[in-house]
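Structure first, commentary second.
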Amino acid sequence: CLAWLAGGWFVFRTAELITKHRFAALAALAFYLLCPLAIVMSQMFQPEGLMTLALVVAIWMLVRFPPDQRWRRTLFLAVVCAVAGFVKPGILFLPILGAYLGMRLGKDSLLKILFDGRSLLFAVVTLIPSVVWVLVFLQDRVGGKLMPAMLLDPMFYVRWFQQIDDTLGWWVLVV
């Protein structure tokens, strides 16, 4: 899938921005392209390739243009990250909002971030398209299988980490 390969460029650029080393960026790119799950998923006609591209682009944007004191930049980043939610709504909750929080924690305290208007703007603008997508388009199609309350269930996240362990192994979470 071309989307998966395009995502590799953004993985490389993001790793290069974070580490400042080309070898580390190449290692990240190699893992991204050669991970067994990546090889299988890149050959399927599923939305995961496009979802992964949208996620990687959103994280690259957060690293390349880190959140700062400007409201306009926060709004711009939120709109870019919200696009990823149109591919698959669930991608926003942990990876993208976590990346935003991680970028802000480098400069501000957690309390300041949680009560900052820019963080609220980012969260609302990023999540609204996904919520609308789920409530309007998926409510009738899923046939009762859509359970937003599942996001509040701790076992959902335990199973999520088990899926990561089954797919990649715990060493990925540790690294």
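Summary table
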| quantity | calculated |
| --- | --- |
| Mean ellipticity per residue at 222 nm, deg cm²/dmol - from DSSP H runs of n ≥ 4 across the chain, formula -39500 (n - 2.57) | -22500 deg cm²/dmol |
| Surface/4 estimate of mean projected area, convex hull on alpha-carbon atoms of region 38-108, nm² | 5.0 nm² |
| Sparse-neighbourhood loop sites, chymotrypsin sites (Phe, Trp or Tyr not before Pro) in region 2-69 - DSSP loop, at most 14 other Cβ within 10 angstrom | Phe45 |
| Surface share of carbon and sulfur [accessible, 1.4 angstrom probe, percent] for the chain | 73 percent |
| Convex hull (Cα only) mean projected area of region 1-84, reported in nm² to one decimal | 5.5 nm² |
| 25 °C / 0.890 mPa s Stokes-Einstein diffusion coefficient of the chain, Kirkwood radius on C-alpha pairs, µm²/s | 141 µm²/s |
| Share of Cα-Cα pairs in region 71-134 lying beyond 13 Å, as whole percent | 59 percent |
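The values are calculated or read from the model by the stated rules, or taken from the named source; none is laboratory data. Note that the structure is a prediction, hence the values are computed from the model and not measured. Methodologically, a virtual Cβ is constructed for each residue, glycine included, from the backbone with ideal geometry; neighbour enumeration extends over all protein chains shown. Remember, those area values only see protein heavy atoms, side chains included, never the ligands or the DNA or RNA. Shrake-Rupley method; radii C 1.70, N 1.55, O 1.52, S 1.80 Å.
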